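Visitor: One structure is given below, represented as structure tokens, and several questions about it will come after.
The values are calculated or read from the model by the stated rules, or taken from the named source; none is laboratory data. Fair warning: this is a prediction, and the values are worked out from it, not measured in the lab. Reconstructed Cβ throughout: ideal geometry from the backbone, glycine too, with neighbour counts over all protein chains shown.
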């Protein structure tokens, strides 16, 4: 029997298992749910064992656990590490859910539950594909390792050091991420790039205390005005970043431009989707270039002085702002933070003192060649599954694990997952399409077969 | 017997009475103390009756009450309205008080208690002066009306309409305010001007909701950047207001310049007092000119987006700022608010929507001629009390009642009070100097005699 027939025969059972998995409220952000995260990890362990995976183990990390398993019976063939996560976002605001978030509901070909798409439905698929290959076909044509974590939704605080400590265990030629999405129900995409991140908090201090705006106004420096001056100097009204040196290391060329231009972008629909009548951004670049391949600087928060009702005639002596920049190849988060600080100092008006908090969260940008052998293999599978070639896409978001696997294991991460943007990943009434769930299972069977044709050394080649 | 001797003989009794008055925790801002404010009003009523004042009455206002009294036995002589307030600021933070705020303590010639200087010590003085004149000298050489309110520290919300409803009762030639201060222990001052006030809240709205800074950053308008752009456009880095039309109506001439230049100002000491190493302000004007006679624009508060610990990669869709301007003759608060709104709209970057809140609190500027007969009378008394002529001073603060009396009663308000800036008016360990308490009693005897020499019609002349 083929793995495909096996999957088809077990369709009902696999859906029931997904519903069981979704009933575990494994919310990693809430300490009250720590035991549920652990329980979800144990559920994954049992499911992997049932699938025929070996060396299945729940590892402590100091925070939420990770699950490791492998099936290494293809000597001479590539080793593929499959990644996903079994923790979920919190479910609040509960009042916006039509049915309870951890009581999954199947309706119109969709399963509604917190974590359905992000990431339980997606991460269960490769386990089921593994089972189908082992049980129906007697084995897997590549060597497979699986790593599922329980802390992705809180930024994977312990994952980096755990991976660094288990480099040998995790050694592989390429990573497939079962956490991600496709372009649409009918259009696949290869995600080849994610932006990096640099974060800074600026604290401005003026006089010894808040002062009476009448008795001191017009003469004593106001921390809010100073902050506003500094922040306004960092970006032109159109959206070009004016921080000196900010673009110096950016790699962006005609090839990037062509790659991005090949992807459709409906500016009017995009504006409608966020309800704005105009876009901003760096002049000379298309919106998609700005979103995907040009670095950005965004104010995430600002505060100081009086925020209550009515009037308080205070001249505030403190003002604060939080900034993050999304970075592109070949920018360095540490250097960008230094540039931001230097710029702020240069543009601070007299009479105020600046200090900075570097809140962490920095990440390097990630970009892999679209014609890398792993992308070619995934691209061929997607083309077969959808009947059309995938778009070569990027994300303005940051995927720290991509850079983490590359740094620690020397392996590229290729996204191979089937979420869709309308599925409410972090929002109420999250759902996953059952068609995607099945497509993912088929896809994993096929991509493992396809990668068996590749050369491990070529897959491992990092440029 | 002279009134002065009478005051001297009753020194001990008057101090005890001040301590009694200070024991009433008449905090107008705290609803739990509403009965105490009322009780303080009743205390004032009884004290006025004891002094020999007539038509003494506690009037309801819809909020905290006011006390009215008069002594009108000087036909053909001017009528003087004496103003003060019997409510106090809250006392918190209590932990910073060396002794409880409503258990007055006399030490080293000072009485420590909440309200000692602001304003119970100051407002009791004219009542005692009235008593001394009546009981020792058989009468008062002018017609006196007294109005004490219980809501000054919360902005006198009901006072304006109460005064408007009692115009005939309060009709007078000039107002003396027993709420205010002198320049120093040895230097008197005539305060001839107070700034007006205009307040505006700006609300900026961008996309339909907060967005992911990675998925939308660099293309979708960020409400914080838009706000920062608008606010930065309102003031030059040096502090000149750039709102179009802002200075158009300002009256400021060489006479103002000479009047202000005659007042000593130690810039180094001023900077030390607020702990800044540089001042800002409108170029071409001295710090004291900026503080007293040039209009100002100060940000009082700003907020939007994420204010917590760490990093939140949000592209905020809302941002808010509160602004107040201090106004000088001949600026109009309503027009200034309109100019601010028009400026904000002109400088808003594309893609955001603005709305405004006018939180009230507007007040017209107040300035009276230094050589007005009332100022001449007060100046002569101060010269005699201190042995030197008073500085002609202004305040960057706003005194809405000054403009209120002028509008409703057609009478100028002349400050005649004896607080000093180090007495912690709204701070812990507020105190009043006993020397000031006695000087105030003497001063009120003398100023009432001096005003008896003036012509009511001249006092009433408003320019």
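Visitor: Restricting to segment A:409-433, what's the tally of residues that are crowded, with 19+ Cβ neighbours inside 10 Å and assigned to a helix (DSSP H, G or I)?
Guide: So the answer is 2.
Visitor: Still on this structure, I have one more. Residue A:351: surrounded by 16 or more Cβ atoms within 10 Å (Cβ to Cβ), touching a strand residue (DSSP E or B) at 6+ places or on another chain (Cβ under 7 Å) and either more than 14 Å from chain B (Cβ to nearest Cβ) or part of a loop (DSSP other than H, G, I, E, B) (or both), yes or no?
Guide: So residue A:351 fails the test.
Visitor: Same structure again: Residue A:204 fails exactly one of the following numbered conditions: (1) in a strand (DSSP E or B); (2) farther than 30 Å from residue B:295 by Cα; (3) within 13 Å of chain B (Cβ to nearest Cβ). What is the number of that condition?
Guide: Result: residue A:204 passes all but (2).
Visitor: Considering A:124, A:147, which residue is modelled with pLDDT of 95 or more and touching a strand residue (DSSP E or B) at 6+ places or on another chain (Cβ under 7 Å)?
Guide: One residue alone meets the criteria, A:147.
For every residue, the table says whether it meets (1) crowded, with 22+ Cβ neighbours inside 10 Å; (2) part of a helix (DSSP H, G or I).
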{"site": "B:251", "(1), (2)": "no, no"}
{"site": "B:269", "(1), (2)": "no, yes"}
{"site": "B:294", "(1), (2)": "yes, no"}
{"site": "B:302", "(1), (2)": "yes, no"}
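Visitor: Taking segment B:154-178 as the search range and keeping residues that are assigned to a loop (DSSP other than H, G, I, E, B) and surrounded by 22 or more Cβ atoms within 10 Å (Cβ to Cβ), which one is modelled with the lowest pLDDT?
Guide: Out of the qualifying residues, it is B:156.
Visitor: Could I ask something else about it? Only one of A:219, A:223 is without any contact (Cβ under 8 Å) to a residue 40 or more places away in the chain, buried (at least 24 other Cβ atoms within 10 Å of the Cβ) and outside the structural domain of residue A:393 (by TED's automatic domain parsing). Can you tell me which?
Guide: Being without any contact (Cβ under 8 Å) to a residue 40 or more places away in the chain, buried (at least 24 other Cβ atoms within 10 Å of the Cβ) and outside the structural domain of residue A:393 (by TED's automatic domain parsing) holds for just one of A:219, A:223, which is A:219.
Visitor: Moving to a separate point now. Quick one: in segment B:211-234, of everything that is in a helix (DSSP H, G or I) and more than 7 Å from chain A (Cβ to nearest Cβ), which residue is farthest from residue A:347 (Cα to Cα)?
Guide: To start, the set of residues in segment B:211-234 that are in a helix (DSSP H, G or I) comprises B:213-216, B:223-232.
Filter once more, keeping what is more than 7 Å from chain A (Cβ to nearest Cβ): B:223, B:226-227, B:230.
On the way: B:223: 22, B:226: 19, B:227: 18, B:230: 17 Å.
Checking each candidate, the answer is B:223.
Visitor: Looking only at segment A:186-200, how many residues end up being within 9 Å of chain B (Cβ to nearest Cβ) and not in a loop (DSSP other than H, G, I, E, B)?
Guide: Number satisfying all stated conditions: 3.
Visitor: While we're here: Would you mind telling me which numbered condition in (1) modelled with pLDDT of 95 or more; (2) away from chain B (no Cβ under 14 Å) residue A:394 fails?
Guide: (2)
Visitor: Also: Could you list, in sequence order, the residues of segment B:365-376 that are in contact with a helix residue (DSSP H, G or I) (Cβ under 7 Å, 6 or more places away or on another chain) and within 14 Å of chain A (Cβ to nearest Cβ)?
Guide: Within segment B:365-376, just B:366 meets the criteria.
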